[in-house]
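K.L.:
Please see the structure below; I have some questions.
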Amino acid sequence: MIMKVSSIRFALFAAIITCVVCVTGCERNPFSGSKLTLDNYNKVSTGMSKSQVEKILGAPTNSETKDMIIFKKTTYRYEDGKNFAMITFKNDEVDGKDTNLSANP
């Protein structure tokens, strides 16, 4: 009987550790599941394509595209509760970004 209880405890402990590793390894917010984290935001750099940004941050919460005659401007907005990030593209390449994410939550 003692062997079964310790085997069950070990299996439960292993399952919890596996879940924690999976959540932190995915670079997602462990509470909301969002990819909008400061680490991911910092990976986005000028010149990246939309698909590169989406691989890092996922699909935007909303987006807006304007044809400015000499170039096309697209803004991706990511939201997770009160946190947000805006990525601006000029002719489909990252031109700027802004966020309220901070290193100290």
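The values are calculated or read from the model by the stated rules, or taken from the named source; none is laboratory data. In this text the structure is predicted, and so the values were computed from the model without any measurement. Note: ideal-geometry Cβ built from the backbone for every residue, glycine included; neighbour counts use all protein chains shown.
K.L.:
Out of segment 39-53, which residues are within 17 Å of Asp80 (Cα to Cα) and either loosely packed, with under 15 Cβ neighbours inside 10 Å or in contact with a Pro (Cβ under 8 Å, 6 or more places away or on another chain) (or both)? Please lay out each step first, then the result.
P.N.:
In the first step, residues of segment 39-53 are kept if they are within 17 Å of Asp80 (Cα to Cα); the result is 39-42, 53.
Passing the criteria: Asp39, Asn42.
K.L.:
Still on this structure, please answer the following. For segment 26-37, does any single residue satisfy the condition of being basic (Lys, Arg) and modelled with pLDDT under 75? Talk me through it step by step, then tell me what you get.
P.N.:
Taking segment 26-37 first, the residues basic (Lys, Arg) are 28, 35.
If we keep only those that are modelled with pLDDT under 75 too, we end up with 28.
Yes, segment 26-37 contains at least one residue that is basic (Lys, Arg) and modelled with pLDDT under 75.
K.L.:
For segment 75-94, enumerate the residues that are within 16 Å of the chain's Cα centre (by Cα) and within 15 Å of Leu57 (Cβ to Cβ). It would help to see each step written out before you state the result.
P.N.:
We begin by selecting, within segment 75-94, every residue within 16 Å of the chain's Cα centre (by Cα); these are 76-87.
Scanning segment 75-94 gives Tyr76, Arg77, Tyr78, Glu79, Asp80, Asn83, Phe84, Ala85, Met86, Ile87.
K.L.:
Can you work out which of the residues in segment 59-85 that are within 16 Å of Thr99 (Cα to Cα) and small (Gly, Ala, Ser) is surrounded by the fewest Cβ atoms within 10 Å (Cβ to Cβ)?
P.N.:
Step by step, filter segment 59-85, then rank; the result is Gly81.
K.L.:
May I pose another question? Across segment 89-105, what is the number of residues that are loosely packed, with under 14 Cβ neighbours inside 10 Å and in a strand (DSSP E or B)?
P.N.:
Residues flagged as loosely packed, with under 14 Cβ neighbours inside 10 Å and in a strand (DSSP E or B) within segment 89-105 amount to 2.
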